[in-house]
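One structure is given here, and the rest of the page talks about it.
The values are calculated or read from the model by the stated rules, or taken from the named source; none is laboratory data. Keep in mind that this is a model prediction, so the values were computed, not measured. All Cβ positions, glycine included, derive from the backbone under ideal geometry; neighbour counts span all protein chains shown. Side chains included, ligands, DNA and RNA excluded: accessible areas come from the protein's heavy atoms. Shrake-Rupley method; radii C 1.70, N 1.55, O 1.52, S 1.80 Å.
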Amino acid sequence: MKKAVKTLLRKKKADLLLWVMTWLFAALTFAVLLFLIWHILVNGIVHISPSLFELKYTSQNASLFPALITTMLVVALSLLIAVPLGVFSAIYLVEYARRGSRFVKLVRMMNETLSGIPSIIYGIFGSIFFVVWLGWGKSLLAGSCTLAIMILPLIMRTTEESLKSVSDSYREGSFGLGAGRLRTVFKIVLPAAGPGILAGVILSVGRIVGETAALIYTLGNSPIMTDGLFSSGRTLSLHMYSLAGESLYTGQAYATAVILLFVVIGINTLSGLLAKRITRGT
C-alpha cells in the first residue's frame, strides 16, 4: 500500500514538473515573440513615410514598393509551381502507390533529406542550373523555381499527413456508393484534408517571404521594379538585408521590417479564413 502511494506521489510530482516546464517555456517563447514585435514596431513605425512607397527606387527615398511587388510575384509563382507538384505527388504516395513499398519509402527518405538541406545549397544549385546552365540569368523565374524546389518537401509532407489523417471510412463509403478512386480522392478525401494542406502552404509562404540566401544567387538584388520573368529584382527580405548592410538606411530597414511583418500577418490571416471556409464547406 505504501509503495503504491509513493508511486502515485512520484507520478503527480512528475506531472506537475512537466506542467510547470511546459507553461514556462511557452511563456518564454511568447515573451521573446512579443519583444521582437515590440522592437521592430518601435524602431520602424517612426521611419515609415510616403517616400517608401514610391513607384521608383532611388538612393534618396529607398522605396520598398518595387520589393513588395516582387515579393508577391515570387510567392505566387513559387506556389504555382510547387503546390500542384507537391499535392499530386502526395496523392500518388498515399492513394495509389502500394503502402509500405520500397519506392514509397525511398521517396519519403529523399523528401526528408531535401527538407533538411540549408537554403544556401538550394541557392548554389539554382545558380548553376537555372542561372548558368539554362541561361535564365538572375531573374524572377530562376528565383521562383529555386524556391519552389525548396518548399516542395514541406508541401509534400504536410499533404501526405493530411491525407493519412482522413479516415478510411470516407473512402470505403464512397467506394460502396459506386464512386471510382479518382472521384473519391477529389470529391471526398481532398476536401476533408484541405485545412491541413493549406497549413503546409501557409508555412511555405512564410519560408518564401523570409528567404534571402537562395535568392541572392538566383533572383539577384536589383532594387528596381521587375519587368518580366527574366528580369532581376529583390524581395522585401532582400531589401531589408541590403539596407541594413548600409549604415545610411538603418531606419528604412526597420520600416521595411514593419511592412514585412504586416504582410506575413495578413497572409496568415487570409489563409486562416480560407481554411475555416473550407472546413465549413466539408
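What does the convex hull of the alpha-carbon atoms of the chain project to on average, in nm²?
The Cα convex hull of the chain, projected and averaged over all directions, gives 22.0 nm².
Per residue, how much accessible area does segment 124-251 have with a 1.4 Å probe, in Å²?
Value returned for segment 124-251: 45 Å² of accessible area per residue.
What is the Cα centroid distance between segment 117-137 and segment 41-95, reported in whole angstrom?
Centre-to-centre (Cα) distance: 20 Å.
Please report, in debye to the nearest 20, how large the charge dipole of segment 105-205 is about its Cα centre when each Lys and Arg carries +1 at its beta carbon and each Asp and Glu carries -1 there.
Here segment 105-205 has a charge dipole of around 180 debye.
Calculate the spin-label point distance for residue 244 paired with residue 268, positioning each point 7 Å from the Cα along the beta-carbon direction, and give it in nanometres.
Going by the 7 Å Cα→Cβ label model, 1.8 nm.
Suppose all protein chains stay in the model; what accessible area per residue would a 1.4 Å probe give for segment 1-116, in Å²?
On the way: 8460 Å² over 116 residues.
Each residue of segment 1-116 exposes 73 Å² on average to a 1.4 Å probe.
May I ask for the longest run of the chain untouched by trypsin sites (Lys or Arg not before Pro) that are loop-located per DSSP and have at most 14 neighbouring C-beta atoms (other than their own) within 10 Å?
It works out to 100-282.
Gain in length, residue 124 to residue 230, computed as 0.36 nm per residue apart minus the alpha-carbon separation, to one decimal in nm?
36.3 nm
Using a 1.4 Å probe on the protein heavy atoms, what percent of the accessible area of the chain belongs to carbon and sulfur? Before the final figure, lay out each step's value.
Working: 11570 of 16400 Å².
C and S fraction of accessible area: 71 percent.
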